[in-house]
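Taking it in order: structure first as structure tokens, then the write-up.
The values are calculated or read from the model by the stated rules, or taken from the named source; none is laboratory data. Since the structure is predicted, the reported quantities are computational estimates derived from the model, not experimental observations. Cβ placement follows ideal geometry from the backbone for every residue including glycine, while neighbour counts extend to all protein chains displayed. Each accessible area value is taken on the protein alone, full model and side chains, heavy atoms only, with ligands, DNA and RNA left out. Shrake-Rupley method; radii C 1.70, N 1.55, O 1.52, S 1.80 Å.
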Amino acid sequence: MVTDKRDYSLKAHNTFGIDARCRRYLEFHDVEEARRVADILRTADGSFLIVGGGSNLLLTKDYDGVVVHPAIKGFEIVDADEADDTLVRVGCGENWDQFVETCVERGLHGAENLSLIPGDVGACAVQNIGAYGVEAKDIIDRVEAIDIQTGELRTITNQECAYAYRQSRFKNEWKNRFLILYVVFRLHDRFEPQLDYGNIRAELQRRNISLPTAAQLRQVIIDIRNAKLPDPKVQGNAGSFFMNPVVERSVFEHIQAQYPDMPHYYIDESHEKIPAGWMIDQCGWKGRSLGRAGVHDKQALVLVNRGGATGQEVVALCNAIRRDVYQKFGIDIHPEVNII
């Protein structure tokens, strides 16, 4: 049965821990319930918002509309082909990190570097989540969804999703068009570790591991993330608040001339990625607060709820950081978090 509640608190549905409410809350648990929710959305007055684990969401006020929470569970192998790949169909409401853990346990490879990212599986297809040199698009084969306007069940290929850095058609021209039901992942039977991003190799070397297993790589990434990212159950946050800007090479070279030790990541001959957290740190924001919102003392890319912060306080902090980064570097950094 579709969960249908009125004047519902969203505090448990956003990792910032903001106590905002919505006018109506709907939750579906299988395909037929999703069809009924689509029917309701077609005829309901006002706007609607689709919320997964709420790990990429900042609520600045009560939401005068319908909030939809996809909650389909399931993990099944649908195909193992001759290319040493295995296709796995996963429900949109499955916890992302539990999905990664299950893959590692079953010898299905490709998701290890995405360990401990908060949120639900369905959201990965929208946000194209990424970490340590791997993005969801690298392992997504297709997405199964219901077209809200027609009620049609659609299978959407990876290519049709038009994935880019933290982008997809689901975030842009397809926003609020589909209810994602399942994501089908193409995982590899052969383990080929991706070790060249961040301090993965250094941490493996510290542990005297030269050729890690998938389980060892997953554990290293979990430990690295735990060392620098706050647990949202202890201190409200949405993980990385800002996207890392990709800039023209001329812009990069101008900044590098002033900061020779600046970290950066090659994109192509014309572009480099500069870590937003490094720029925020250079502006002196790491560990500072503005009201009850603050910047994490171990990772400047993470904004935190120091206790009782409102969404407006977090936005004010975000705007102050963006202003300072632009004044210092001439780069406008953009929030990765969905601000409502």
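Quick look at the values:
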read-out: Of the criteria (1) buried (at least 21 other Cβ atoms within 10 Å of the Cβ); (2) closer than 21 Å to K171 by Cα; (3) over 22 Å from the mean Cα position of the chain (by Cα), which one C22 fails; value: (2)
read-out: Tally of residues being open to solvent by less than 40 Å² (accessible area, probe 1.4 Å) and either in contact with a Ser or Thr (Cβ under 9 Å, 6 or more places away or on another chain) or at pLDDT 95 or above (or both) across the stretch 179-209; value: 9
read-out: Residues of the stretch 294-340 satisfying the condition of being under 25 Å from R225 (Cβ atoms), polar (S, T, N, Q) and part of a loop (DSSP other than H, G, I, E, B); value: Q299
read-out: Residues located in the stretch 20-52, provided they are in a helix (DSSP H, G or I) and either touching an Asp or Glu at 6+ places or on another chain (Cβ under 6 Å) or of a type in the set (S, T, N, Q) (or both); value: T43
read-out: Extreme residue, nearest to D62 (Cα to Cα), among residues of the stretch 7-38 that are at pLDDT 95 or above and among the acidic types (D, E); value: D7
read-out: Candidate set from the stretch 107-165 (those that are free of Cβ contacts under 8 Å to residues at least 12 places away in the same chain and either touching a helix residue (DSSP H, G or I) at 6+ places or on another chain (Cβ under 9 Å) or over 17 Å from L181 (Cβ atoms) (or both)); member that is least open to solvent (accessible area, probe 1.4 Å); value: A162
read-out: Filter result for I340 (open to solvent by less than 60 Å² (accessible area, probe 1.4 Å) and modelled with pLDDT of 95 or more); value: no
read-out: Qualifying positions in the stretch 88-101 - within 19 Å of the chain's Cα centre (by Cα) and either under 12 Å from A215 (Cα atoms) or charged (D, E, K, R) (or both); value: E94, D97, V100, E101
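To keep it simple, each residue is scored yes or no on (1) surrounded by fewer than 20 Cβ atoms within 10 Å (Cβ to Cβ); (2) over 24 Å from E135 (Cβ atoms); (3) more than 18 Å from the chain's Cα centre (by Cα).
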residue	(1), (2), (3)
Q216	yes, no, yes
I221	no, no, no
H254	yes, yes, yes
G291	yes, yes, yes
G294	no, yes, yes
